[in-house]
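One structure below.
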Amino acid sequence: MGKLHLKRINSPNTWPVERKTTKWISRPRLGAQSMNKTLSLNTIIKEILKIVKTSKEVRAILNKGLVKVDGRVRKDPNFPVSILDIVSILDENYRLFINTKRKLFLHKVNKNDATIKPKKIIGKKILKGNKVQINFIDGHNLLSKEDKMKVSDTIVYENDKEKDKLKFEKGSLIYLIEGKQVGKIGIIKEVQQSKGIQPTKILFQSEKKDYTTLKDFAIVIGKTKPVIEIPNE
């Protein structure tokens with residue numbers, strides 16, 4: 001079936017799909033995040049939301065321009081939807097999350113929440129003219145004249161316009177998208193700087209318990225409260 005399909009039995013355990021139905025399942029195109037944190041639009045529309053039953057019907061919906069991801073019309077059934085992305089379809093909005101059981105899930109959100117997108121900075125590059133290219137976890141990038149934000153900080157967008165900046169620091173609210181504590185919401189208690197090539201770790205508190213995880217596994221989603229609606233999963 002080629003690169004646009006995957007044997008269902010070999011699909012990531014994070015995908016909330018049935019394993020014993022058809023042989024093949026839609027493979028999301030290569031995106032900014034790994035496949036275990038990504039779902040294709042085909043899978044979302046047909047297998048999770050169950051709006052239609054066939055891939056042909058999915059393509060018909062997409063070709064009519066009825067589906068948006070983060071506010072942009074998408075017509076590719078294999079388009080990748082990753083954690084914290086917003087899918088808008090038939091006047092309903094959903095954000096993709098991962099829970100503590102390591103399963104991706106869609107959470108229905110209101111129109112206002114659907115306009116908000118926290119984007120973690122995963123890299124920076126100095127360009128000619130002292131401009132800074134900021135690379136985000138969702139694959140997008142930004143050219144800026146300022147170099148005040150650090151890798152792992154978050155820039156919050158509303159309707160594609162910058163709304164706020166969130167520092168990765170003690171007291172910040174975080175959401176874990178990988179690791180043993182995946183799906184947890186917590187508050188940073190300490191950023192434990194590493195030596196040499198060892199990855200930086202953080203100490204955070206969630207539900208009155210302390211945990212240690214890698215800095216790379218966390219996204220800052222607020223200062224004292226989350227900037228987006230967080231489901232109870």
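The values are calculated or read from the model by the stated rules, or taken from the named source; none is laboratory data. Here the structure is a predicted model, which means the values were calculated and not measured. Because the Cβ atoms are built from the backbone with ideal geometry, glycine has one as well, and the counts that use them run over all protein chains shown.
List of remarks:
- Candidates LEU106, LEU84, LEU96 - the one that is within 15 Å of the chain's Cα centre (by Cα), farther than 17 Å from GLU47 by Cα and modelled with pLDDT of 95 or more: LEU84
- Count of residues meeting criterion [closer than 22 Å to GLU158 by Cα and assigned to a strand (DSSP E or B)] in region 186-233: 6
- Wholly within region 89-148, strands (runs of 3 or more DSSP E) carrying at least 2 residues that are in contact with a strand residue (DSSP E or B) (Cβ under 8 Å, 6 or more places away or on another chain) and outside the structural domain of THR14 (by TED's automatic domain parsing): 116-126, 132-136, 141-144
- Any hit, region 85-108, residues being touching a Lys or Arg at 6+ places or on another chain (Cβ under 6 Å), surrounded by 19 or more Cβ atoms within 10 Å (Cβ to Cβ) and free of Cβ contacts under 8 Å to residues at least 24 places away in the same chain: no
- Flag for GLU190 being more than 24 Å from ASN36 (Cα to Cα) and either modelled with pLDDT of 95 or more or not assigned by TED's automatic domain parsing to the domain that holds LYS37 (or both): yes
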